[in-house]
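K.L.:
Structure below; questions to follow.
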Amino acid sequence: MLQVRKRPVDAPLHHGRSGRTLLVAGLLEGPAALLLRVFFGSLPAGRYAAAATFLIGALLSRYAWIWAGRASASDPQALFQLQCKA
């Protein structure tokens, strides 16, 4: 899973729909796909399942970033807090 700093600006990446989706996407892209490949990689269905799991995780990750961007755009105060502390 992609880890970012925990600043007010980064809150949409950790909370709400986008935060949960990023967590699930990270699990599907990494450990889930790897475990499917390791344990069922000798079977064609296992390889296809690992590939599909990775692709679903990647798609979820993209949607989560879009949702996080929309949530971030709706909270202009977070950007002002970042600029004042910098």
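K.L.:
Can you name the residue in the range 58-86 that is aliphatic (A, V, I, L, M) and over 30 Å from Ala32 (Cα atoms) and, of all such residues, is modelled with the lowest pLDDT?
P.N.:
From the range 58-86, those aliphatic (A, V, I, L, M) are 58-60, 64, 66, 68, 71, 73, 78-79, 82, 86; that's our starting set.
Now narrow it down to the ones that are over 30 Å from Ala32 (Cα atoms): 73, 78-79, 82, 86.
On the way: Ala73: 82, Ala78: 66, Leu79: 66, Leu82: 58, Ala86: 52.
This residue is Ala86.
K.L.:
For residues in the range 31-72 being among the polar types (S, T, N, Q) and under 20 Å from Thr21 (Cβ atoms), which is most open to solvent (accessible area, probe 1.4 Å)? Can you show your working first?
P.N.:
Initial filter on the range 31-72 (among the polar types (S, T, N, Q)): 42, 53, 61, 72.
Filter once more, so that each one left must be under 20 Å from Thr21 (Cβ atoms): 53, 61, 72.
Details: Thr53: 24, Ser61: 21, Ser72: 48 Å².
Among them, the one singled out is Ser72.
The values are calculated or read from the model by the stated rules, or taken from the named source; none is laboratory data. Just so it is clear, the structure is predicted and the values come from calculations on it, not from any experiment. As a convention, Cβ positions derive from the backbone with ideal geometry for all residues, glycine included, and neighbour counts pool all protein chains shown. Just the protein is used for accessible areas: all its heavy atoms, side chains included, with ligands, DNA and RNA removed. Shrake-Rupley method; radii C 1.70, N 1.55, O 1.52, S 1.80 Å.
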